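Working notes, structure below.
The values are calculated or read from the model by the stated rules, or taken from the named source; none is laboratory data. None of the values given here were measured: they were computed from a predicted structure. Backbone-built Cβ (ideal geometry, glycine too); neighbour counts: all protein chains shown.
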Amino acid sequence: MKNEWALVDEYIVDRLLPPDPVMDSVLSANAAAGLPAIDVAPNQGKLLHIFARMVNARRVLEIGTLGGYSTIWLARALPSDGIVVTLESDPGHARVAQSNLQAAGLIDAVDLRIGPALETLPKLADEPAFDLIFIDADKPNNPAYLEWALKLSRPGTVIIGDNVVRGGKIKDATDQDPSIQGVRQFYDRMSGEPRLTATAVQTVGSKGWDGFSIAIVNG
Ligand code: SAH
Ligand code: DHB
Ligand code: MG
């Protein structure tokens, strides 16, 4: 039996997300390749897309590609000269993502860099700042990813962090899970950072109880 949240998500998707064969085939290809189903929910993917359009994003950075589901939502928000740089450490995930991006007709809008993000992020330091940054990879490294996000940003850059609630576990200071500790340090780092105005929002739905943080770099 599906819970109420999942049923309401179905209602929302039915009303507001038109049938999308490209996204459907991405999720089937991911499942066929054995990728974990930890992509953002469809309505959250669309929210990322809307955020990108709200800030007229031309350069987007994503940390954690998986099969490219969120990547495609973001790439669809770009003008024709825009780019999503997306970082993925697992070559198998990257291969599936490349194939999905090809099928979606978005291969030219995405620059997929394979390797641990802490090794690929420094190579972006000489490029123009990103307009929107989506942090969604290994959570123990979230504090380090926030440092990089700040380095690769400009006033007005929006920084979004996925999975910042984790079924409520985040409120427990004694939780020894390195992912929980990483996300708690991510909160601490945001709260102590004068360059950021930050908040976080809990979400329920087809992916359970979680949430995302959103911050903007101050002028
Ligand atoms: N953003 C995706 C989901 C990403 S899941 C979506 O919503 O569709 C997290 C991804 O981060 C996984 O594919 C995992 O392999 C990748 N990852 C884990 N550790 C990483 C690291 N150190 N550097 C880059 N990617 C990493
Ligand atoms: C996990 C990672 C994610 O990015 C996500 O959205 C959900 C779950 C995980 O590692 O369990
Ligand atoms: Mg996530």
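Report yes if some residue within segment 134-152 is among the hydroxyl-bearing types (Ser, Thr, Tyr) and away from ligand 3 (no atom under 15 Å from the Cβ); otherwise report no.
Scanning segment 134-152, I find no residue that is among the hydroxyl-bearing types (Ser, Thr, Tyr) and away from ligand 3 (no atom under 15 Å from the Cβ), so the answer is no.
Answer yes or no: is there a residue in segment 132-154 that is within 13 Å of ligand 2 (Cβ to nearest atom), surrounded by 20 or more Cβ atoms within 10 Å (Cβ to Cβ) and aromatic (Phe, Trp, Tyr).
yes
Of all the residues that make up segment 15-35, how many are among the hydrophobic types (A, V, I, L, M, F, W, C), assigned to a helix (DSSP H, G or I) and touching a residue at least 12 places away in the same chain (Cβ under 8 Å)?
Qualifying residue count, segment 15-35: 6.
Identify, by number, the condition in (1) more than 8 Å from ligand 1 (Cβ to nearest atom); (2) part of a helix (DSSP H, G or I) that Arg113 doesn't meet.
Among (1) more than 8 Å from ligand 1 (Cβ to nearest atom); (2) part of a helix (DSSP H, G or I), Arg113 violates only (2).
For segment 163-219, name all the residues that are among the polar types (S, T, N, Q), more than 11 Å from ligand 2 (Cβ to nearest atom), over 18 Å from Trp148 (Cα atoms) and in a loop (DSSP other than H, G, I, E, B).
If the condition is that a residue be among the polar types (S, T, N, Q), more than 11 Å from ligand 2 (Cβ to nearest atom), over 18 Å from Trp148 (Cα atoms) and in a loop (DSSP other than H, G, I, E, B), then Thr174, Gln176, Ser206 are the ones that fit.
Every residue in segment 96-107 that is out of contact with any strand residue (DSSP E or B) (no Cβ under 9 Å at 6 or more places or on another chain) and in a helix (DSSP H, G or I), please.
If the condition is that a residue be out of contact with any strand residue (DSSP E or B) (no Cβ under 9 Å at 6 or more places or on another chain) and in a helix (DSSP H, G or I), then Val96, Ser99, Asn100, Gln102, Ala103, Ile107 are the ones that fit.
Are there any pairs with C-beta distances below 8 angstrom linking a residue in segment 197-211 that is without any contact (Cβ under 8 Å) to a residue 60 or more places away in the chain to a residue that is of a type in the set (Asp, Glu) and surrounded by 19 or more Cβ atoms within 10 Å (Cβ to Cβ), with the two at least 6 apart or on different chains, and if so which?
Pairs found: Gln202/Asp210; Asp210/Asp162.
Among the listed residues Ile12, Ile38, Ile50, identify the single one that is modelled with pLDDT of 95 or more, assigned to a loop (DSSP other than H, G, I, E, B) and among the β-branched types (Val, Ile, Thr).
Only one candidate passes the filter, namely Ile38.
For the subset of segment 33-92 comprising residues that are within 22 Å of Asp20 (Cα to Cα), in contact with a strand residue (DSSP E or B) (Cβ under 6 Å, 6 or more places away or on another chain) and among the small types (Gly, Ala, Ser), which member is farthest from ligand 1 (Cβ to nearest atom)?
By that ranking, first place goes to Ala52.
Residue pairs, Cβ under 9 Å, 6 or more apart or interchain, first in segment 118-137 and more than 19 Å from Phe51 (Cβ to Cβ), second polar (S, T, N, Q) and outside any helix (DSSP H, G or I). List them.
Partner pairs satisfying both residue conditions: Glu119/Ser89; Thr120/Ser89.
Out of the residues in segment 4-22 meeting the condition of being farther than 20 Å from Gly208 by Cα and within 20 Å of the chain's Cα centre (by Cα), tell me which one is surrounded by the most Cβ atoms within 10 Å (Cβ to Cβ).
Asp20
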